[in-house]
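The values are calculated or read from the model by the stated rules, or taken from the named source; none is laboratory data. The shown structure was predicted, so the numbers you read here are calculated from the model rather than taken from an experiment. So basically every Cβ, Gly included, is an ideal-geometry build from the backbone, and we count neighbours across all protein chains shown.
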Amino acid sequence: MNGAPRHKVRLAIFASGTGTNAQKIIDYFRTHPTIQVGLIVCNKAGAGVLSIASREGIPHILIDKEKFFRGNAYVDELKDSGIDFIVLAGFLWKVPAALVSMWHKRIINIHPALLPKFGGKGLYGHHVHEAVINSGDTESGITIHYVDEIYDHGAPIFQEKVIIEKGDTPETLAKKIQILEHLHFPRIIEKVIEKKQNN
Ligand code: GRF
């Protein structure tokens, strides 16, 4: 990815769920001059993100657990698709070492809280917001970070906060956080990629 790219930078979005962030990322890069979403990778048959992939005409891979964790972690398939950069948008499995080293500093994740608080295995989706509300904290937010081999651990890239008001519930907090995610994630992805291209 050094110097002027000969082709558009191809993103793979890894997602396990509804895919609202995936949709925002697809929308953001639809007409982008240098970056395109080239692949959706999903571990859950029937996930909403797979319908998004079909509707958008983006190829997808439904991954098999055994092959992901004990095989080659789909390195060959990702290379065959020309993937330069990986974005985790609600992907619930840990990323295997083979992918982390092959796409070193080219995998980023979004987490719906202010890491290092409220991260790690089991802290995903509503579990995160419940833990935050139960903690009595007065703020939460989003963290976009590089991915390493430990859940929710890699170097942070961007955080944005929201105030937790009296009467907020895990559900109302989830809505506030989702607004921030949709607003910031695509442009931070763009910034990270452009910074790499200019280095
Ligand atoms: C987001 O809250 C993201 O922070 C987390 O998983 C959720 C995915 O939501 N990692 P969606 O499927 O994009 O709606």
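Remarks
- Taken across segment 19-34, residues that are over 22 Å from Leu180 (Cα atoms), in contact with a helix residue (DSSP H, G or I) (Cβ under 9 Å, 6 or more places away or on another chain) and either surrounded by fewer than 21 Cβ atoms within 10 Å (Cβ to Cβ) or at pLDDT 95 or above (or both) do occur, with at least one present.
- Candidates Ile86, Ile58: the one that is away from the ligand (no atom under 13 Å from the Cβ), buried (at least 21 other Cβ atoms within 10 Å of the Cβ) and either over 24 Å from Glu181 (Cα atoms) or modelled with pLDDT of 95 or more (or both) is Ile86.
- For segment 122-140, the tally of residues that are part of a helix (DSSP H, G or I) and away from the ligand (no atom under 13 Å from the Cβ) stands at 5.
- Hey, Ser101 assigned to a helix (DSSP H, G or I) and among the hydroxyl-bearing types (Ser, Thr, Tyr) or not: yes
- Selection of first residues in segment 18-45 that are at positive phi and of second residues that are small (Gly, Ala, Ser) and more than 9 Å from the ligand (Cβ to nearest atom), restricted to Cβ pairs under 9 Å at least 6 apart or on distinct chains, gives the following pairs, ordered by first then second residue: Gly19/Ser51; Gly19/Ala53.
- Which numbered condition Asp148 fails, given (1) under 30 Å from Asp76 (Cα atoms); (2) acidic (Asp, Glu); (3) within 11 Å of the ligand (Cβ to nearest atom): (3)
- Criterion (touching a helix residue (DSSP H, G or I) at 6+ places or on another chain (Cβ under 7 Å), in contact (Cβ under 8 Å) with a residue 24 or more places away in the chain and within 24 Å of Lys196 (Cα to Cα)) met by exactly one of Ala98, Ala113, Ala73: Ala98
- Of all residues making up segment 65-83, the number that are modelled with pLDDT of 95 or more and outside any helix (DSSP H, G or I): 4
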